[in-house]
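Engineer: Encoded as structure tokens, here's the structure I'll be asking about.
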Amino acid sequence: MNDKIAEEKARRVLEVIAESVAETSDDEILEDMRAEGKDPAAVAQEVRSALFRGVTAFKKAKLRAAHEQHERQVEELHHQNFSLPDTPAAMRALLAKILTLVPEYGPALLTAQYRDFSELSDEDVRQHLVQLAHLGAMEDPRLREGDG
Amino acid sequence: MAEPASTAEIEEAIRSLTDQDAGRLKRYTIRRLAAIGRAARGKDWEDLLQEGITRTLAGTRAWNKNAVTFVGHLMGVSRSICSEMAEKLTAEKNEEPMSESELIGAAKNPALNPYQLAISPMPTAEEITETRDAVDAIKRSFRDDPLVLDIVSALEEGFNGPEIKEVLGISQKDLETAMRRLRRAVPKVLS
């Protein structure tokens, strides 16, 4: 226990000395630094650099976190399974139905030359359906009307 | 409602640091780390300030620029970080390190004996050395300055400034000049 007490006492002294630095006047701080043979301007530059390194480290970490989140989202999108119709004809019919129900998707999805999407390849139709699924278009209850 | 400073404001505050404020920050963080000894785990004043800035920017210790100066804020954050480090070491010392079965099966070889490996809640001699030796060295360097020695003893006992003045029968100026001698001696002792 004596050791513990001795440690606490020593810590108390060092903490008071540290806190006394906080209350030291500007003139004294400069005097103290010069008395130690330090150049105040050089010390100040050293401190500013250390702080800016902290800022840079924070920004990099933030950027890294944003990038990782983006990667995760992209990964999630790639791994989402949508239940698409089995046949190319059914897929094409579904795409037509979606574009009829929500025509705003058309210009966003199809270029002018494919407005008549009968010219789209089966793979293009599938890709468009996947994109629409990501946008939540497949959850429209009207799509199920008339099913069964 | 207090509004935390933005990143741009924090960057501007760093650029605007005066020589005096920057010097104060460096001296303060060095002494704060010295006060926690081994609990600092090798971190230096730059690490401490960078951690302070990171917490400030992340908003976990936002800087309320209307209530406190940038330097005051960073000293406060540094103080908290040092306290956390000291508390962490204490918690590690106090935590139950071994299961009962491990202790029952204690090996005879001291190197394999969990009793030997268990972290003692008491500081080790080496740990005490860092803070206590620093204060012992301070006392040795002031062996010809009885007032500073008395002040150090009073600080060890937990007396505050007014109490020290009263107990030692000294003026505010006496206390300030003695504290100044004490403060100036620390870099030599810690180096």
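The values are calculated or read from the model by the stated rules, or taken from the named source; none is laboratory data. Given the structure is predicted, the values throughout are model-derived calculations rather than measurements. With ideal geometry, Cβ positions are generated from the backbone for all residues, glycine too; neighbour counts draw on all protein chains shown.
Engineer: From the residues in region B:144-181 that are of a type in the set (Gly, Ala, Ser) and in a helix (DSSP H, G or I), which one is surrounded by the most Cβ atoms within 10 Å (Cβ to Cβ)? Explain how you work it out, then say what you get.
Structural biologist: Initial filter on region B:144-181 (of a type in the set (Gly, Ala, Ser)): B:153-154, B:158, B:161, B:169, B:171, B:178.
Filter once more, so that each one left must be in a helix (DSSP H, G or I): B:153-154, B:161, B:178.
Working: B:Ser153: 16, B:Ala154: 19, B:Gly161: 16, B:Ala178: 21.
The residue in question is B:Ala178.
Engineer: Conditions: (1) at pLDDT below 90; (2) outside any helix (DSSP H, G or I). B:Ser101 meets all but one. Number of the miss?
Structural biologist: It is condition (2) that B:Ser101 fails.
Engineer: What residue, among those in region B:16-26 that are facing chain A (nearest Cβ under 7 Å) and touching a residue at least 12 places away in the same chain (Cβ under 8 Å), is farthest from the chain's Cα centre (by Cα)?
Structural biologist: So the residue we want is B:Leu17.
Engineer: Only one residue in A:Ala57, A:Ala44 is over 22 Å from the mean Cα position of the chain (by Cα), of a type outside the set (Lys, Arg) and facing chain B (nearest Cβ under 7 Å). Which one?
Structural biologist: On the way: A:Ala57 fails: over 22 Å from the mean Cα position of the chain (by Cα).
Step by step, each of A:Ala57, A:Ala44 is checked, and only A:Ala44 is over 22 Å from the mean Cα position of the chain (by Cα), of a type outside the set (Lys, Arg) and facing chain B (nearest Cβ under 7 Å).
Engineer: So in region A:11-27, with the set limited to residues that are within 7 Å of chain B (Cβ to nearest Cβ) and of a type in the set (D, E, K, R), which one is nearest to B:Gln50 (Cα to Cα)?
Structural biologist: Filtering region A:11-27 for residues that are within 7 Å of chain B (Cβ to nearest Cβ) and of a type in the set (D, E, K, R), the one nearest to B:Gln50 (Cα to Cα) comes out as A:Glu15.
Engineer: If we keep just the residues of region A:32-41 that are within 7 Å of another protein chain (Cβ to nearest Cβ) and part of a helix (DSSP H, G or I), which is farthest from B:Leu49 (Cα to Cα)? Lay out the reasoning, then the answer.
Structural biologist: Kept after step one, since they are within 7 Å of another protein chain (Cβ to nearest Cβ), are these residues of region A:32-41: A:32-33, A:35-36, A:40-41.
Add one more test, that the residue is part of a helix (DSSP H, G or I), and what stays is A:32-33, A:35, A:40-41.
Values: A:Asp32: 21, A:Met33: 19, A:Ala35: 24, A:Pro40: 18, A:Ala41: 18 Å.
That would be A:Ala35.
Engineer: Report whether or not A:Pro103 is surrounded by fewer than 13 Cβ atoms within 10 Å (Cβ to Cβ) and free of Cβ contacts under 8 Å to residues at least 24 places away in the same chain.
Structural biologist: Working: surrounded by fewer than 13 Cβ atoms within 10 Å (Cβ to Cβ): yes; free of Cβ contacts under 8 Å to residues at least 24 places away in the same chain: yes.
Yes; evaluated as a whole, the condition is true for this residue.
Engineer: Still on this structure, I have one more. Condition (residue is among the charged types (D, E, K, R) and loosely packed, with under 10 Cβ neighbours inside 10 Å) applied to region A:82-92: is it met by at least one residue? Write out each step before concluding.
Structural biologist: So the first thing to find is which residues in region A:82-92 are among the charged types (D, E, K, R), and the list is A:86, A:92.
Now drop any that are not loosely packed, with under 10 Cβ neighbours inside 10 Å, which leaves A:86.
Checking region A:82-92: at least one residue is among the charged types (D, E, K, R) and loosely packed, with under 10 Cβ neighbours inside 10 Å.
Engineer: Right, something else. Report yes if B:Gly52 is closer than 16 Å to B:Ser83 by Cβ and at pLDDT 95 or above, otherwise no.
Structural biologist: Yes; evaluated as a whole, the condition is true for this residue.
Engineer: Let me ask you something else. B:Ser80 passes all but one of (1) at the interface with chain A (Cβ under 9 Å from one of its Cβ atoms); (2) within 13 Å of the chain's Cα centre (by Cα); (3) modelled with pLDDT of 90 or more; which number fails?
Structural biologist: For B:Ser80, the exception is condition (1).
Engineer: Is there a residue in region B:65-74 that is crowded, with 22+ Cβ neighbours inside 10 Å and within 22 Å of B:Ile10 (Cβ to Cβ)? Talk me through it step by step, then tell me what you get.
Structural biologist: Going residue by residue through region B:65-74, those that are crowded, with 22+ Cβ neighbours inside 10 Å are B:74.
Next cut, within 22 Å of B:Ile10 (Cβ to Cβ) only: B:74.
Checking region B:65-74: at least one residue is crowded, with 22+ Cβ neighbours inside 10 Å and within 22 Å of B:Ile10 (Cβ to Cβ).
Engineer: On the given criteria, is A:Glu19 of a type outside the set (Gly, Ala, Ser), under 30 Å from B:Phe159 (Cα atoms) and more than 28 Å from the chain's Cα centre (by Cα)?
Structural biologist: Values: of a type outside the set (Gly, Ala, Ser): yes; under 30 Å from B:Phe159 (Cα atoms): yes; more than 28 Å from the chain's Cα centre (by Cα): yes.
So A:Glu19 passes the test.
Engineer: So, B:Ala39, is that one in a helix (DSSP H, G or I), touching a helix residue (DSSP H, G or I) at 6+ places or on another chain (Cβ under 6 Å) and not polar (S, T, N, Q) or not? Quick ask: steps written out before the conclusion?
Structural biologist: Working: in a helix (DSSP H, G or I): yes; touching a helix residue (DSSP H, G or I) at 6+ places or on another chain (Cβ under 6 Å): yes; not polar (S, T, N, Q): yes.
In short, yes.
Engineer: B:Arg38 versus (1) closer than 23 Å to A:Ala57 by Cα; (2) more than 8 Å from chain A (Cβ to nearest Cβ): which is the lone unmet condition?
Structural biologist: (1)
Engineer: Still on this structure: Scan region B:129-170 residue by residue and report those that are within 8 Å of chain A (Cβ to nearest Cβ) and farther than 22 Å from B:Pro187 by Cβ.
Structural biologist: Within region B:129-170, B:Glu157, B:Gly158 meet the criteria.
Engineer: Let me ask something else about it. For region A:50-91, which positions are over 30 Å from B:Glu12 (Cα atoms) and hydroxyl-bearing (Ser, Thr, Tyr)?
Structural biologist: Going through region A:50-91, the residues over 30 Å from B:Glu12 (Cα atoms) turn out to be A:70-91.
Residues satisfying the conditions are A:Ser83, A:Thr87.
Engineer: Report, by residue number, each residue of region B:22-36 that is over 10 Å from B:Arg79 (Cα atoms) and touching a Cys at 6+ places or on another chain (Cβ under 8 Å).
Structural biologist: Correct list: B:Ala35, B:Ile36.
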